[in-house]
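> Please read through the structure below; I'll follow up with questions.
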Amino acid sequence: MPRPEVLERIKTAEEEADEIIESAQAEREERIAEAREEADQIREEARQEADELEEKRLAEAETETEARREEILEEGIRAREELVAQAESNVDSAVDYVLTQFEEAVDAQT
């Protein structure tokens, strides 16, 4: 093969190699960009799922707290009603006691 033909073939081969390398680099950059985009999407989906889970748990906790609050209030109302009933049942005894003490004090002075 004549020398100019060999040189031309080498030049052509080098150009083809450069094109292959450039194409491979472009494809690499494209794949990296796609991978980054997919990673961003996965992170966003995970964040949304975490937010939804947090909202769900907060709602459940609020429901439980409200139920417990109602129980405590009902217990307090029952306890108050029992104390009122006891106090009312003791009114007659207290009046009798005070009258007896008063009468004894008056009798002691006369």
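> Could you identify the single residue in Glu62, Glu29, Glu16 that is more than 39 Å from the chain's Cα centre (by Cα) and of a type outside the set (Lys, Arg)?
Sole residue among the options that is more than 39 Å from the chain's Cα centre (by Cα) and of a type outside the set (Lys, Arg): Glu16.
> Determine, yes or no, whether Asp40 is surrounded by fewer than 10 Cβ atoms within 10 Å (Cβ to Cβ), without any contact (Cβ under 8 Å) to a residue 60 or more places away in the chain and either part of a helix (DSSP H, G or I) or hydroxyl-bearing (Ser, Thr, Tyr) (or both).
Working: surrounded by fewer than 10 Cβ atoms within 10 Å (Cβ to Cβ): no; without any contact (Cβ under 8 Å) to a residue 60 or more places away in the chain: yes; either part of a helix (DSSP H, G or I) or hydroxyl-bearing (Ser, Thr, Tyr) (or both): yes.
No.
The numbers here are math on the coordinates, done by the rules we state, and not lab data. From a predicted model like this one, the values you see are computed outputs, not experimental measurements. Neighbour counts are summed over all protein chains in view; Cβ atoms, including those assigned to glycine, are modelled from backbone coordinates with ideal geometry.
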